[in-house]
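Let me begin by presenting the structure, written as structure tokens, before commenting on it.
The values are calculated or read from the model by the stated rules, or taken from the named source; none is laboratory data. Computed from a predicted structure; not experimentally measured. As a convention, Cβ positions derive from the backbone with ideal geometry for all residues, glycine included, and neighbour counts pool all protein chains shown. Heads up: the accessible areas ignore ligands, DNA and RNA and are worked out on the full protein's heavy atoms, side chains in. Shrake-Rupley method; radii C 1.70, N 1.55, O 1.52, S 1.80 Å.
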Amino acid sequence: MRLEECLCFALGKATRAMARAYRERLEPLGITQPQFFLLIALFDGDGVTVSELGARVAMDKSTLTGILDRLERDGLVERVENPSDGRSFVVRLTARARELEARLRAVYEETNAAFLSRLTPEERRVVQQVVAKLEEDAHG
């Protein structure tokens, strides 16, 4: 089999192109791509436990903790004691993060739209189905 025929290689190449597009738009804001997607997830509802956030962004706890450490250091999130379970923490956005929300959502919408605009509605549907199927098979 030729490298170009390898699905993993092709998906990785497309992923790197998308990551590069996000990185170029996020760099001036001082936000990395992993931080960006965590913030987007929190904009859709913060005050969640680390475990809930990890499930939302499909990230393991150790990776998530490192990213949260940096976001907390930069004043974008805070971890506070969970009011319903003192043994865990909830993650909340800070006022500084809320000030960036409109700009970060614009990056999200515009960059995602730029990639989706290359596909017909039917191609979008097929890509979503194929990615869901690959993800399901990878875990089962």
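Just a few scattered comments:
- Restricting the stretch 98-111 to residues that are open to solvent by 60 Å² or more (accessible area, probe 1.4 Å) and either not charged (D, E, K, R) or not in a helix (DSSP H, G or I) (or both) leaves a set whose member that is nearest to residue 78 (Cα to Cα) is 102.
- Of the residues making up the stretch 89-100, not a single one is among the aliphatic types (A, V, I, L, M), without any contact (Cβ under 8 Å) to a residue 12 or more places away in the chain and closer than 23 Å to residue 24 by Cβ.
- Positions within the stretch 24-49 being open to solvent by 40 Å² or more (accessible area, probe 1.4 Å), part of a helix (DSSP H, G or I) and in contact (Cβ under 8 Å) with a residue 40 or more places away in the chain, in sequence order: 25
- Of all residues in the stretch 68-90 being among the aliphatic types (A, V, I, L, M) and over 13 Å from residue 40 (Cβ atoms), the one that is most open to solvent (accessible area, probe 1.4 Å): 80
- Unique match (being farther than 25 Å from residue 10 by Cβ and modelled with pLDDT of 95 or more) among 45, 66: 66
- Taken over the stretch 50-97, the criterion of being among the β-branched types (Val, Ile, Thr) and either assigned to a helix (DSSP H, G or I) or over 13 Å from residue 38 (Cα atoms) (or both) is satisfied by 50, 57, 63, 65, 67, 80, 90, 94.
- Pairs meeting the criteria (first residue in the stretch 4-23 and free of Cβ contacts under 8 Å to residues at least 24 places away in the same chain, second residue open to solvent by 80 Å² or more (accessible area, probe 1.4 Å), beta carbons under 7 Å, at least 6 apart or on different chains) are 9/3.
- Considering the stretch 112-140, the residues that are under 22 Å from residue 33 (Cβ atoms) and among the polar types (S, T, N, Q) include one that is most open to solvent (accessible area, probe 1.4 Å), namely 128.
- Number of the condition not met by residue 55 [criteria: (1) among the hydrophobic types (A, V, I, L, M, F, W, C); (2) at pLDDT below 95; (3) farther than 23 Å from residue 135 by Cα]: (3)
- Tally, over the stretch 52-79, of residues that are farther than 23 Å from residue 106 by Cα, within 15 Å of the chain's Cα centre (by Cα) and not charged (D, E, K, R): 7
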